[in-house]
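Read the structure below first, then the notes.
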Amino acid sequence: TSGMAPVNDIKMYYAEYGEGEPMLFIHGGLGSADPALPEAALDAIRDALRPGGLLLWAENLRGSWLHRGARAVAYRIRRARTWQYLRLARLRELLGDRFADVDLRVGGVFAVLGTSEPARDRLARADQALWDRIVPASWHYMAYGTARRPS
C-alpha cells in the first residue's frame, strides 16, 4: 500500500513493501529560510517511524567558504531567495536529540562545483580519493547516514 499520510500537519508520502524492519528514506529538506523548519521536520519524521524504525537520510550542508560563495553568486544570478544550509554541528545536535544509533558521514568537497556532468564526475573521484580524507568534516557539502527511532 502507499499514499499520503498526515504527520504533525505535514503530508508525507509512504509506501509499505514486504515484511521486516520499518524504514524511512529522506533526501534533503532540512535546510530552509525558516530556522524552525529543521526541528519541526525531524519531529515529524521521528513521529512517522515506528519505535525501532530506521531512517536513511542525506542532507546538503553549509560547507566551506567556497561553497557559501558559489551559492551566493548562484542565488544572485537566478534572483532566487537565499537558503539556510545546516552546519554540521547543528545537524549532529538535531539528530542526536531525536534519534538513537545515529551514524553520520560526510562527503563532497569540489564535485558540486563542476560545470558539466563529466567535470562533476572527475571532481567527485578526486574528492573520494583525496579531499574527503584530508579536509575538516565541516568543509563537506553533503552529510548522509542512518538513525533509529528509540524503542
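We did not get these values from a lab; they are worked out from the coordinates using the rules stated. Values in this document were obtained by computation on a predicted structure and should not be read as measured data. Every residue, glycine as well, gets a Cβ built from its backbone with ideal geometry; the counts of neighbours run over all protein chains shown.
Scan region 17-29 and tell me whether some residue there is assigned to a loop (DSSP other than H, G, I, E, B) and of a type in the set (Asp, Glu). Looking for residues that are assigned to a loop (DSSP other than H, G, I, E, B) and of a type in the set (Asp, Glu), one finds at least one in region 17-29, hence yes.
Yes/no matrix, rows are residues, columns are (1) of a type in the set (Gly, Ala, Ser); (2) within 25 Å of Leu49 (Cα to Cα); (3) out of contact with any strand residue (DSSP E or B) (no Cβ under 6 Å at 6 or more places or on another chain):
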residue	(1), (2), (3)
Tyr75	no, no, yes
Leu94	no, yes, yes
Ala119	yes, no, yes
Arg133	no, no, yes
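Taken over region 16-44, the criterion of being surrounded by 10 or more Cβ atoms within 10 Å (Cβ to Cβ), touching a Lys or Arg at 6+ places or on another chain (Cβ under 8 Å) and in contact (Cβ under 8 Å) with a residue 40 or more places away in the chain is satisfied by Pro38, Leu42, Asp43. In region 136-151, the residue that is surrounded by the most Cβ atoms within 10 Å (Cβ to Cβ) out of those that are touching a residue at least 24 places away in the same chain (Cβ under 8 Å) and outside any strand (DSSP E or B) is Tyr141.
Of all residues in region 62-71, those satisfying the criterion of being part of a helix (DSSP H, G or I) and under 16 Å from Gly114 (Cα atoms) are Leu66, His67, Arg68, Gly69, Ala70, Arg71. When each of Arg81, Arg133, Arg125, Arg120 is tested for being surrounded by 13 or more Cβ atoms within 10 Å (Cβ to Cβ) and not in a strand (DSSP E or B), the lone residue that passes is Arg120.
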